[in-house]
1. Between N39, N200, N58, find the one with the highest GNM mean-square fluctuation for the chain; connect C-alpha pairs within less than 10 Å.
2. Taking H placed 1.01 Å from N in the peptide plane, check which residues at least 5 places from R68 or on another chain put their amide H under 5 Å from its amide H.
3. Counting helices only, and only those DSSP H runs with n ≥ 4, report the 222 nm mean residue ellipticity of the chain as the sum of -39,500 (n - 2.57) divided by its residues, in deg cm²/dmol to the nearest 500.
4. Between region 62-128 and region 12-41, what's the alpha-carbon centroid distance in Å?
5. For region 71-146, which whole-number percentage of the solvent-accessible area (1.4 Å probe, protein heavy atoms only) is attributable to carbon and sulfur atoms?
6. Kindly flag which residue pairs out of K81/K170; K71/K103; K27/K192; K91/K170 have an alpha-carbon separation exceeding 19 Å in this structure.
7. Taking the Cα centre as origin and putting +1 on Lys and Arg beta-carbons and -1 on Asp and Glu beta-carbons, what dipole magnitude results for the chain, to the nearest 20 debye?
8. Which whole-number percent is the relative contact order of the chain (Cα, under 8 Å, 6+ apart)?
Amino acid sequence: MTPIQFDPVPEISVVVCTYNRATYLDKTINSVLNQTFPNWELIIADDGSQDHTFEIVNPYLQKFNNIRYLKHQNKKQCYAKNAGIQASFGKYITLLDSDDSYKPNHLESRIEYMRANPEVDLIEGGFYCEEEIFIADCYQPGKLINLRDCVLGPTFFGKRKVFFELGGFKHISYAEDAEFWARAEKILTTAKITKPETYNYTRGENSITKTFSEIS
């Protein structure tokens with residue numbers, strides 16, 4: 001039996017949660033592969049997809065040792081995020097939605113910020129979106145709020161300890177990112193950034209934010 005070879009601990013763990021989004025995954029994965037900062041691992045946490053997600057992911061698994069794939073029964077996004085985080089090894093952890101992508105300098109820009117500001121534990125923000133998007137305001141039921149005024153979870157970039165000290169994301173139906181950020185602000189040092197806009201945000205047809213904004 002061939003012994004398992006573990007790569008050195010990566011600087012950054014990128015966690016991608018996905019559910020029936022095979023159509024978008026090539027673009028998402030390739031945006032990580034094209035990063036100017038090379039020391040990363042990619043963990044794809046599949047929340048029970050029933051499409052051809054594995055057929056898309058498998059060629060990458062065969063070619064790249066720093067890409068891993070987890071799959072479990074459908075338990076919703078919070079569980080998938082936590083599963084990916086628990087399986088990670090990186091000194092820093094960040095997220096990426098499976099219908100979004102990074103600009104090539106995304107990881108490099110975030111690690112540079114954290115190294116220049118060592119007192120900061122967790123940052124969020126710095127995303128690009130082609131349209132103005134309004135979503136349900138979790139603090140004011142029945143009202144909408146501009147996405148740029150919200151906490152956008154997939155832009156989170158933080159020290160490993162952040163995600164474990166907070167016990168991951170709570171299993172709630174909406175605004176789990178805002179709830180996570182609120183807990184982080186109480187006990188850790190957080191910072192919101194607006195530049196550079198290196199995270200490309202796309203709202204898919206089955207996006208939770210789209211569903212809740214339509215309900216509202």
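1. Residue with maximal mean-square fluctuation among N39, N200, N58: N58.
2. L42, I43, I44
3. Counting only the DSSP helices, I get -9500 deg cm²/dmol.
4. One Cα centre to the other: 9 Å.
5. 50 percent
6. K71/K103; K27/K192; K91/K170
7. Approximately 520 debye in magnitude.
8. Dividing the mean separation by the residue count of the chain yields 24 percent.
The values are calculated or read from the model by the stated rules, or taken from the named source; none is laboratory data. Keep in mind that this is a model prediction, so the values were computed, not measured. Cβ sites come from the backbone with ideal geometry, for glycine too, and all protein chains shown count toward neighbours. The area values use the complete protein model at the heavy-atom level, side chains included, leaving out ligands, DNA and RNA. Shrake-Rupley method; radii C 1.70, N 1.55, O 1.52, S 1.80 Å.
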